1. If you take the beta carbon distance between A131 and Q90 as r and set R0 to 51 Å, what does 1/(1 + (r/R0)^6) give as a FRET efficiency, to the nearest 0.05?
2. Using helices alone, what [θ] at 222 nm do you get for the chain, with -39,500 (n - 2.57) per DSSP H run of 4 or more residues, divided over all residues and rounded to the nearest 500?
3. What does the net charge come to around S43 if you take all other residues with beta carbon closer than 11 Å to its beta carbon, with K and R at +1 and D and E at -1?
4. Filter the chymotrypsin sites (Phe, Trp or Tyr not before Pro) in the stretch 1-51 down to the DSSP loop ones having no more than 12 other Cβ atoms within 10 Å, then list what survives.
5. Between their Cα atoms, which of K56/K86; K56/K162; K31/K89; K18/K56; K151/K180; K30/K86 are more than 20 Å away from each other?
6. Taking θ = phi - 60°, what integer Hz values does the Karplus form 6.51 cos²θ - 1.76 cosθ + 1.60 yield along the stretch 212-227, in sequence order, with x for Gly and Pro?
7. Classify the stretch 127-187: rounded, prolate or oblate, from the alpha-carbon gyration tensor (a ≥ b ≥ c, eigenvalue square roots; a/c under 1.5 rounded; otherwise prolate if a/b is larger than b/c)?
8. Scan (i) 6, 26, 33, 21, 11, 3, 0; (ii) 5, 24, 34, 26, 10, 1, 0; (iii) 6, 28, 38, 24, 5, 0 for the value of P(r) over Cα pairs in 10 Å bins from 0, in percent calculated from this model and give just the label.
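FYI, it's all coordinate maths here, none of it is from the lab. Owing to the predicted nature of the structure, the values given are computational and were not obtained by experimental measurement. Cβ placement follows ideal geometry from the backbone for every residue including glycine, while neighbour counts extend to all protein chains displayed.
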Amino acid sequence: MSSNQAVIAIVGPTASGKSAMAMRFARAAKKYQRTVEIISMDSALVYQGMDIGTAKPSASEMDEVLHHGINIAQPEEPYSAAKFAKDAKQWIQEIRERGNIPIIVGGTMLYWRALAHGLSNMPTASPEIRAAIELQASQEGWHAIHDELAKVDPETASRLEKNDSQRVQRALEIYLQSGKPMSTWLKEEPKETGRGNSDSSDHSDDVDHPLNSRLLSIEPSDRAALHQRIAQRFDLMMSQGFLNEMRLLKDNVKLHPDLPSMRAVGYRQAWQYLDGAINLQELKDQSIAATRQLAKRQLTWLRGMSHREIFDPLLESDMDRCEQVCLAHYQIK
């Protein structure tokens, strides 16, 4: 395999069927004696002990196909987009050295931006500004901080939930530090240019260099069908013992609700339920609503990527076509 060949990334909103498509391709490739290795691009799957609530691939699936980026961090350890970009490029290189096929799968679009288009030039964290924001939040609440952000960066504020303290804080911090909104910083970064630079292999150690990639997006044509999948997935998680998983996590004294891992959709609501702040029906309703909002944000990101190739998981013909595109791309026949 050429070291500068575009890497396929299968993306899409949550519950769209990305992982199933990746496994389908891996099984099809195996029939031709080719081995596919999957690189997970999911900010929740990196954490150990968070299996049911993240819809992590099963043990049998991970035995069948080698996965990277899963169970590589403890839930009390933050894992960043920068770390993912560095790790993913290393995985791609190692997979190719083994003569195997790398394929990226996931829906954490900040990870995709870091990997495919280089890291942000935005200001680094300022402990002083961050402490000042946290003090104000403790006095006025995070809704007030979100309102302040909306005054200086309405575009960023519109895509962040008011109680998303981590991201709201970071966005306001960037503005206070630089005088320029995060939305402006993002627009000044490299545009979504499709397949990147074909010479990316010459800079394999340079995380900021764009990745040569091909984006296949799994997007249901019927939003109601996606919502139904999200609800069904939540019910399945509950039947599989999600609350027991959450109880074990909550017993870990190193964890608290403000950690990135515990802010993941479903886990945040389950923590509130176990604290007695919401009842079981509210847990379900709020978790499903938050997952729908996540899917909406993911679709917004994707619509800004005009080069993506769209496949409808509600059409078996499209799933067949996606599989064939993957096989043809890697010249498997």
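1. On the way: r = 34 Å, r/R0 = 0.68.
The calculated FRET efficiency here is 0.90.
2. Details: 14 runs with 168 residues, N = 333.
About -15500 deg cm²/dmol.
3. On the way: positive: K83, R263; negative: D42.
Every neighbour counted, the sum reads +1.
4. On the way: sites: F25, Y32, Y47; in loops: Y32.
Loop-located and lightly packed - Y32.
5. Details: K56/K86 22 Å; K56/K162 28 Å; K31/K89 27 Å; K18/K56 12 Å; K151/K180 12 Å; K30/K86 28 Å.
In this structure, K56/K86; K56/K162; K31/K89; K30/K86 lie more than 20 Å apart at Cα.
6. Working through the residues one at a time gives 6, 9, 10, 9, 10, 10, 8, 10, x, 6, 10, 4, 4, 5, 5, 4 Hz.
7. Working: a/c = 2.04, a/b = 1.27, b/c = 1.60.
Cα axes put the stretch 127-187 in the oblate bin.
8. Here the calculated entry is (ii).
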